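Novice: Quick one: the structure is below, questions incoming.
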Amino acid sequence: MLLYTVVPLHQVLEGWDAPRPEPVELQINGRTVLVEPDSPYGGRIVRLLSCDPKDFLDPAYQPGRRVLWWGPR
């Protein structure tokens with residue numbers, strides 16, 4: 001991969017090696033998703049685990065979408 005930018009390298013790579021929380025597997029409307037927790041009661045979808053191609057077209061399961069759950073995981 002090549003990256004052409006005027007931004008200094010230390011700014012581009014800032015936070016690259018920061019530890020990330022372990023993803024949690026959740027069921028949302030019958031679909032299994034991996035969620036990266038960012039608070040005790042929610043997180044962001046990292047991955048959709050489904051065999052149905054139509055699920056990948058549904059914006060409710062797209063990566064980066066914020067989801068909430070009740071109670072800490």
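Novice: Take the residues in segment 37-64 that are of a type in the set (D, E, K, R) and within 13 Å of Glu22 (Cα to Cα), then tell me which one is surrounded by the fewest Cβ atoms within 10 Å (Cβ to Cβ).
Specialist: Per the criteria, the residue is Asp38.
Novice: Still on this structure: Looking at segment 34-67, which of its residues are over 12 Å from the mean Cα position of the chain (by Cα) and part of a loop (DSSP other than H, G, I, E, B)?
Specialist: Pro40, Tyr41, Ser50, Cys51, Asp52, Asp58
The rows are residues; the columns are (1) of a type outside the set (A, V, I, L, M, F, W, C); (2) in contact with a Gly (Cβ under 7 Å, 6 or more places away or on another chain); (3) closer than 24 Å to Trp69 by Cα.
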{"site": "Leu2", "(1), (2), (3)": "no, no, no"}
{"site": "Glu14", "(1), (2), (3)": "yes, no, no"}
{"site": "Pro19", "(1), (2), (3)": "yes, no, yes"}
{"site": "Gly30", "(1), (2), (3)": "yes, no, yes"}
{"site": "Ser39", "(1), (2), (3)": "yes, no, yes"}
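Novice: Out of segment 39-73, which residues are touching a Phe, Trp or Tyr at 6+ places or on another chain (Cβ under 9 Å), modelled with pLDDT under 95 and among the hydrophobic types (A, V, I, L, M, F, W, C)?
Specialist: Once the filter is applied, which keeps residues that are touching a Phe, Trp or Tyr at 6+ places or on another chain (Cβ under 9 Å), modelled with pLDDT under 95 and among the hydrophobic types (A, V, I, L, M, F, W, C), segment 39-73 yields Leu68, Trp69, Trp70.
Novice: I want to confirm something. Restricting to segment 13-36 and keeping residues that are touching a residue at least 24 places away in the same chain (Cβ under 8 Å) and open to solvent by 90 Å² or more (accessible area, probe 1.4 Å), which single residue is nearest to Leu3 (Cα to Cα)?
Specialist: Glu25
The values are calculated or read from the model by the stated rules, or taken from the named source; none is laboratory data. Being a predicted model, the structure only gives us computed values, none of them experimental. Cβ: placed from backbone, ideal geometry, glycine included. Neighbour counts: every protein chain shown. Heads up: the accessible areas ignore ligands, DNA and RNA and are worked out on the full protein's heavy atoms, side chains in. Shrake-Rupley method; radii C 1.70, N 1.55, O 1.52, S 1.80 Å.
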